Amino acid sequence: MATSLTLAEALRWAVVRVALDPTLDHEQGGIRRALVVSYEPFHRSGLATVCPISAARTDPRYPGEVAIAAGVAGQSRDGVILCQQLRTISLGRVVGPPDGRVADPALRRAVRAALAHHLGLDIPAVGDGAFVRA
Amino acid sequence: MRTKRTYNLPERTVRTVRELAAGYGVAATQDAVIELAVDELARRLREDDEAARWAEAAADPAFGAESTGVEEAFAAADLETWPRA
């Protein structure tokens, strides 16, 4: 499987198609769309952290889900970004160039907020070290 | 940005804030003690609320099918970035 991605190309906020077949040289089916959310330097490792995008429904229902409308970043249908399904994948599984990029600052903020929320980073918890004795 | 506000608090609460800052060293200042306490309350309330929503999700067949679908789809890809010991 060849990828036309280059490391010079910014990937953060790109919507990419990911080949999810068991082996990388098997190109039939198993393509899913995902939003790249990792910070740019990480991609030098050959990996990227992504949130899968579901087109099976259009409305966020649970915390960590963000709506993405048709027409945004190459979406052909309304969908939902599943920030609670965050995972790191090999860039070797990315097929072709990105379908598009999320450029809307409000949508980027919503994804950042959902990720921070899901990881418990938005409100520092006492048990997470926010409790620092002076 | 920080904003100055005035709240009417019982003496007991004021004393506790002072003790938490000075006596227990919970935070460097009394302002920081208040900030920490309010954050913790907000987080606990939100987590209580969302625990109920996630429990609903666990019983939602559509959510279960979606989660299983994502897990199965990413199974091979996940193995590549989660090496076996």
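Readers should treat all values here as calculations from the given coordinates under stated rules, not as data from a laboratory. None of these values were measured; they are calculated from a predicted model. With ideal geometry, Cβ positions are generated from the backbone for all residues, glycine too; neighbour counts draw on all protein chains shown.
Worth pointing out:
- HN-Hα J in Hz across segment B:39-49 - Karplus 6.51, -1.76, 1.60, θ = phi - 60°, x for Gly and Pro: 4, 5, 5, 4, 5, 5, 5, 5, 5, 4, 4
- Among A:PRO22, A:PRO97, A:PRO63, the largest mean-square fluctuation in a Gaussian network model of chain A (Cα springs under 10 Å) belongs to A:PRO22.
- As a proxy for reagent exposure, B:TRP54, A:TRP13, B:TRP82 were ordered by neighbouring Cβ count within 10 angstrom, fewest first; the result is B:TRP82, B:TRP54, A:TRP13.
- Across segment B:12-22, coupling constants 3J(HN,Hα) worked out from phi with the 6.51/-1.76/1.60 Karplus curve, θ = phi - 60°, read 4, 5, 4, 5, 5, 4, 4, 5, 5, 6, 8 Hz, and Gly and Pro carry x.
- Linear extension gain, B:THR29 paired with B:ALA59, 0.36 nm per residue minus alpha-carbon span: 6.3 nm
- Alpha-carbon geometry of segment B:16-79: the Rg and the Dmax are 20.6, 55 Å, given in that order.
- For segment A:70-87, backbone phi angles converted through the Karplus equation (6.51, -1.76, 1.60; θ = phi - 60°) give residue-by-residue couplings of 4, x, 8, 6, x, 5, 8, 9, 4, x, 9, 7, 9, 5, 7, 9, 3, 8 Hz, Gly and Pro being listed as x.
- Folded to 0 to 90 degrees: helix A:105-118 orientation relative to chain A principal axis, Cα: 60
- Debye log10 I(q)/I(0) at q = 0.14, 0.21, 0.30 Å⁻¹ for segment B:45-85, Cα point scatterers: -0.50, -0.73, -0.90
- The helix-based estimate of mean residue ellipticity at 222 nm for chain A, built from -39,500 (n - 2.57) per DSSP H run of four or more residues and divided by its residue count, is -3500 deg cm²/dmol to the nearest 500.
- Span from the segment A:45-77 Cα centroid across to the segment A:96-111 one, whole angstrom: 9
- Compactness of chain A, taken as the C-alpha radius of gyration over 2.2 N^0.38 Å, stands at 1.13.
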